[in-house]
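For reference, the structure discussed in these notes is given below.
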Amino acid sequence: MRSRTKTLSRRAALIGGLCTAAGLGARQAFGQARRDDRTPENESHWARMGVSLEGTTALVTGSTDGLGTEVARQLGALGAFVIVHGRNAERGEQVAQMIRDADRGDAVFYRADLASLAEVHAFADHVIARHDGLDLLINNAAATGGGGGRRTSADGHELAFAVNYLSHFLLTHRLMPLLDASAPARIVNVSSLGQTAIDFEDVMMEREYNGGNAYRRSKLAQIMFTIDLAAMLDATRVTVTSLHPARSMNTQRVIGGGNEPLSTVEQGAEAVMQLAVSPKLAGVTGVYFNQLNEAQANAQAYDEEARAKLWALSMELTGITKYNTT
Ligand SMILES: NC(=O)c1ccc[n+]([C@@H]2O[C@H](COP(=O)([O-])OP(=O)(O)OC[C@H]3O[C@@H](n4cnc5c(N)ncnc54)[C@H](OP(=O)(O)O)[C@@H]3O)[C@@H](O)[C@H]2O)c1
């Protein structure tokens, strides 16, 4: 597998002129707010805009199902070598095969349980050993709520915090040298409109557990991480953004929870793809998008003291002494 990406010509016009810093005025690609009744744009839109991902490598965590699968498919259809990730090897191999079977793109599936920091390290080691660059990192995987009570990761951390946020904090750190080697590269953190302030007296929710709040706190943590990481990175090399993709998409997370879908994975993928490949968003970093437009997140995201606490805690829990910024 190593030779596959190594032999590709690096940085072949990644995402059509991505290097140029965008004017930050109109932070949306499609020029108007989305009307829910229109067909979402997909890879054909980006191809018409001259975007080609030939020669690039993209990793989408949690791409064995739901939104991640559709994003992985579209990235592959634009020519990317896609690293499909999840725990379910059967579904993962099917998604990778679907990408390989299309006219453009290539793919491989790597299995890793993000509920274990040791597995995150092993996953990162695997990617680093087999690929010499990473142009796009889409941190998308998320634990489903589950009807039961509080669950913990292999490391004893509250599960939503561990899988949705902490694993990606560590994975991004480990893969930063690959991202920097592929500059300009982009990181997209798939968050949610559902955000709840973190209680720093009870981050792991040992005193008072609520599954919905656990999920919403982990999603806000991703946004806080985005803001701090962006401030540490050279935006001409690596950018990092976060977003709410779409409301109640038709995925297992929603349907399995007994809820009526209100939107589709294609609508969510449109929003993720905009942040991942739009030439208009080159150089744009640290921002949060609600679907296609820049938006304000929960107030705690802009509380420097809260972000500093989260950062320090995340460093401690992951055992990182110096976060990789190159
Ligand atoms: N659905 C919505 O309406 C909605 C709304 C707002 C935001 N979002 C966000 O959008 C993203 C995708 O949501 P979705 O609805 O597509 O989710 P989904 O259908 O439940 O898919 C989740 C993905 O994450 C993977 N995953 C879950 N736990 C994992 C673990 N411990 N280790 C490794 N991979 C794991 C799953 O793969 P395996 O089963 O193979 O492990 C699957 O590929 C999430 O970040 C979610 O928070 C979704």
Inset, instruction - Hey, could you check the range 281-292 for residues that are buried (at least 19 other Cβ atoms within 10 Å of the Cβ) and not polar (S, T, N, Q) and say which is farthest from ILE227 (Cα to Cα)? - result: LEU292
Inset, instruction - Run down ASN189, ASN210 and say which single residue is polar (S, T, N, Q), within 20 Å of GLY149 (Cα to Cα) and more than 8 Å from the ligand (Cβ to nearest atom). - result: ASN210
Legend entry - Test: residue in the range 37-45 that is touching a Gly at 6+ places or on another chain (Cβ under 8 Å), away from the ligand (no atom under 16 Å from the Cβ) and not charged (D, E, K, R): no
Legend entry - Failed item, numbered, when GLU260 is tested on (1) surrounded by fewer than 17 Cβ atoms within 10 Å (Cβ to Cβ); (2) among the charged types (D, E, K, R); (3) more than 16 Å from the ligand (Cβ to nearest atom); (4) over 22 Å from ALA115 (Cα atoms): (3)
Legend entry - Failed item in (1) within 12 Å of the ligand (Cβ to nearest atom); (2) free of Cβ contacts under 8 Å to residues at least 24 places away in the same chain; (3) over 30 Å from ALA47 (Cα atoms); (4) not aromatic (Phe, Trp, Tyr), with SER218 passing the rest: (2)
Legend entry - From GLY76, GLY50, GLY146, GLY55, residue being on the phi > 0 side of the Ramachandran plot and either modelled with pLDDT under 95 or crowded, with 24+ Cβ neighbours inside 10 Å (or both): GLY146
Legend entry - Single residue of ALA129, ALA107, ALA96, ALA160 found to be surrounded by fewer than 22 Cβ atoms within 10 Å (Cβ to Cβ) and out of contact with any Pro (no Cβ under 8 Å at 6 or more places or on another chain): ALA129
Inset, instruction - Select from the range 106-126 the residues that are in a loop (DSSP other than H, G, I, E, B) and not acidic (Asp, Glu) and write down the one among them that is farthest from the ligand (Cβ to nearest atom). - result: SER116
Inset, instruction - Tell me which residues, restricted to the range 190-217, are within 18 Å of ARG247 (Cβ to Cβ) and either more than 16 Å from the chain's Cα centre (by Cα) or not hydrophobic (A, V, I, L, M, F, W, C) (or both). - result: SER191, SER192, GLY194, GLN195, THR196, GLY212, TYR215, ARG216
Inset, instruction - Being touching a strand residue (DSSP E or B) at 6+ places or on another chain (Cβ under 7 Å), without any contact (Cβ under 8 Å) to a residue 60 or more places away in the chain and surrounded by fewer than 23 Cβ atoms within 10 Å (Cβ to Cβ) narrows it down to one of ALA312, ALA271, ALA295, ALA231, so name that one. - result: ALA295
Inset, instruction - Return the pairs, sorted by first residue and then second, in which the second residue is within 16 Å of the ligand (Cβ to nearest atom) and among the hydroxyl-bearing types (Ser, Thr, Tyr), the first residue lies in the range 176-192 and is outside any loop (DSSP other than H, G, I, E, B), the beta carbons are less than 7 Å apart, and the residues are 6+ apart or on different chains. - result: ILE187/THR172; VAL188/THR241; ASN189/THR226; ASN189/SER242
Legend entry - Selected residue (criterion: farthest from the chain's Cα centre (by Cα)) from residues of the range 65-105 that are outside any helix (DSSP H, G or I) and closer than 22 Å to SER116 by Cβ: ASN88
Inset, instruction - Within the range 161-175, work out how many residues are within 9 Å of the ligand (Cβ to nearest atom) and in contact with a Lys or Arg (Cβ under 7 Å, 6 or more places away or on another chain). - result: 1
Legend entry - Flag for VAL190 being among the hydrophobic types (A, V, I, L, M, F, W, C), touching a Pro at 6+ places or on another chain (Cβ under 7 Å) and at negative phi: yes
Legend entry - Test: residue in the range 149-157 that is under 26 Å from ASN213 (Cα atoms), at pLDDT below 95 and away from the ligand (no atom under 12 Å from the Cβ): yes
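The values are calculated or read from the model by the stated rules, or taken from the named source; none is laboratory data. This structure is a prediction, so every number in the text was calculated from the model and none was measured. Cβ: placed from backbone, ideal geometry, glycine included. Neighbour counts: every protein chain shown.
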